[in-house]
Amino acid sequence: MPQNTLTITDNRNNQTYTVPIEDGTIRAMDLRQIKTSPEDFGLMTYDPAFMNTASCRSAITFIDGDKGILRYRGYPIEQLAERSTFLEVAYLLLFGDLPTEPELKSWVFEITHHTMLHESTKKFMEGFHYDAHPMAMLVSTVAALSSIYPEARNVHDAGNRLLQIKRLIGKVPSIAAMSYRHNMGLPYVYPDNDLSYTENFMNMLWKKVEPKYVAHRAISRALDILFILHADHEQNCGTNAMRSVSSAQTDPYLSMASAAAALAGPLHGGANEEVLKMLDEIGSKDNVPAYIKKVKEGHGKLMGFGHRIYKNYDPRAKIIKWSAEQVFQVTGRNAKLDIALELERIALEDEYFVKRKLYPNVDFYSGIMYQAMGFRPEMFTVLFAIPRTVGWLAQWQELITDPEQKIARPRQIYTGSEVREFVPMAKRGAVVAAD
Ligand SMILES: CC(C)(COP(=O)(O)OP(=O)(O)OC[C@H]1O[C@@H](n2cnc3c(N)ncnc32)[C@H](O)[C@@H]1OP(=O)(O)O)[C@@H](O)C(=O)NCCC(=O)NCCS
């Protein structure tokens, strides 16, 4: 018997089957041969929320949740955050290797020259209600770009795909900034090609009457680091939406709108906003022990703590904590940081949190940092969506070029009625119930 196999005995009929084990998995389709009769459909797996199912092979991002490791294309996130820029990381995620100097120069040039939006995009955005949530505007406007670039439907043409990738990475910050300006009742600011990716974004957000909004270098670098940390995180809810929708060969604008819609959910991209609310509720460092006691008694959760995959310190949280200190040197210390540090100190020593392996996640410090940088809480998920655009597009490319992938179509366990005869209107209700 080859070693890398699994032998299964079906106790319903004592039949034995041997299926290969490859990369720590068995193929769900190998179970289909397990039947009790020729009419039997065959065995399936049942896995709500994909708790134990690999849906693809991917060479983009590696996570070891027990050890707290995150790598993009093999490079540790700590090294990328310290030594590279967001657009360099975008190139790495999309093309598989770090760019050479000329490659990076031309990549930055290309992205910079795709930041402009078609004027009709501005008109769609003007149609939103004055207090529309910026995330709802982002999702809808990204979808609307599909109507401006109909050639994007040709997803099998590599050159065409690359053009749409550049457009999306270039235009998403412009849409994000427009959604903010619309909310604030401010006139839109057009992109400025003299500025870096993050400086241009901040100029489009915050320029008033001055010729250019000049972001402090430490702040634009901190935003660049935050973008690096959020660029990809393998098969999470939004990325799964991207892959699932684009498996129908839907164009990348519509697919990405679905991924961003998933990110907008409070269980996914919204936790950083919740951390801020929690810190406000706690109010001061002295109230931390009482708050922790309340959480341990089952009243609420410590927001920004715990993770489905990380059962160790989220490596991104460590970097954000360090980067926040640099930001506070410019902006002044956010008073909420002291409460957060005290929460972390107590929680990391407390048996309840230690036993459950609950550590700070990426959202624990990012909200405090965004707030200190001048962002409103409504923008926090949008700030997540800008860099995650790169991850979604890298995963989309991988899906489209993977010969094993087909349209995503899970199975179900049907729990409804057996076949029944149509009931005419006159016989429905009490009469039928009495039958
Ligand atoms: C992220 C999260 C959804 C992961 O959930 P999960 O993998 O399904 O983990 P579970 O809900 O099964 O939690 C396991 C145990 O830890 C507890 N727990 C998990 N996160 C907790 C938190 N933040 N505060 C207090 N207790 C927590 C659960 O109550 C459960 O305890 P029990 O075994 O006594 O029932 C969860 O940790 C959470 O809600 N965190 C707060 C929200 C947050 O920060 N989200 C951002 C994620 S990046």
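Bear in mind that the values in this text are calculations on the coordinates, not laboratory data. Only a predicted model underlies this, so the values are computations on that prediction, with no experimental measurement involved. Note that we place each Cβ from the backbone using ideal geometry, even for glycine, and neighbour counts take in every protein chain shown.
Some notes on this structure:
- Max mean-square fluctuation residue, GNM over the chain, Cα-Cα springs under 10 Å, options 422, 364, 328: 422
- The relative contact order of segment 260-412 comes to 33 percent, based on Cα pairs under 8 Å that sit 6 or more residues apart.
- Max mean-square fluctuation residue, GNM over the chain, Cα-Cα springs under 10 Å, options 234, 126, 273: 126
- Taking the convex hull of the alpha carbon positions in segment 1-91 and averaging its projected area over all directions gives 9.4 nm².
- Backbone geometry of segment 147-162 corresponds, through the Karplus equation with coefficients 6.51, -1.76 and 1.60 at θ = phi - 60°, to 3J(HN,Hα) couplings of 6, 8, 10, x, 5, 4, 5, 7, 6, 8, 9, 4, x, 5, 4, 4 Hz, x marking Gly and Pro.
- When only alpha carbons of segment 309-371 are considered, Rg and Dmax amount to 12.2, 38 Å.
- For peptides 240-248, 296-304, sequence by mean Cβ density within 10 Å, most packed first: 240-248, 296-304
- Using alpha-carbon coordinates, inclination of helix 362-373 to the longest axis of the chain, degrees: 30 degrees
- Karplus-derived 3J(HN,Hα) values for segment 291-307, using 6.51 cos²θ - 1.76 cosθ + 1.60 with θ = phi - 60°, are 5, 4, 4, 4, 4, 5, 7, x, 9, x, 10, 7, 5, x, 10, x, 7 Hz; glycine and proline are entered as x.
- Against the chain, whose longest principal axis is taken from its Cα atoms, helix 217-229 shows a tilt of about 10°.
- Take every pair of alpha-carbon atoms less than 8 Å apart whose residues are at least six positions apart; their mean separation over the length of segment 89-226 yields a relative contact order of 23 percent.
- Cα pair distances exceeding 18 angstrom across segment 211-259, given as percent: 52 percent
- Computed over the alpha-carbon pairs of segment 241-372, the distance histogram in 10 Å steps reads 12, 37, 30, 15, 6, 0 percent, short to long.
- For segment 147-285, convex hull of alpha carbons as volume per residue, Å³: 167 Å³
- When +1 charges are put on Lys and Arg Cβ atoms and -1 charges on Asp and Glu Cβ atoms, the dipole computed for the chain relative to its Cα centre reaches about 480 debye.
- With Cα atoms, 0 to 90° folded angle of helix 271-282 axis to the chain main axis: 70 degrees
- With all pairs of different C-alpha atoms in the average, the Kirkwood value for the hydrodynamic radius of the chain is 24.3 Å.
- Segment 116-189 versus segment 37-90: alpha-carbon centroid distance in Å: 28 Å
- Structure note, pairs 123/166; 105/208; 105/171: Cα-Cα distances above 28 angstrom occur for 105/208.
- A Cβ-based charge dipole, computed about the Cα centre of segment 166-306 with Lys and Arg at +1 and Asp and Glu at -1, lands at about 80 debye.
- Counted charge near residue 73, where neighbours are those whose Cβ lies closer than 15 Å (Asp, Glu -1; Lys, Arg +1): -4
- Distance between segment 277-295 and segment 328-358 - C-alpha centres, whole angstrom: 11 Å
- Using a Gaussian network model of the chain in which every pair of alpha carbons under 10 angstrom is joined by a spring, one finds that among 96, 159, 269 the greatest mean-square fluctuation is at 159.
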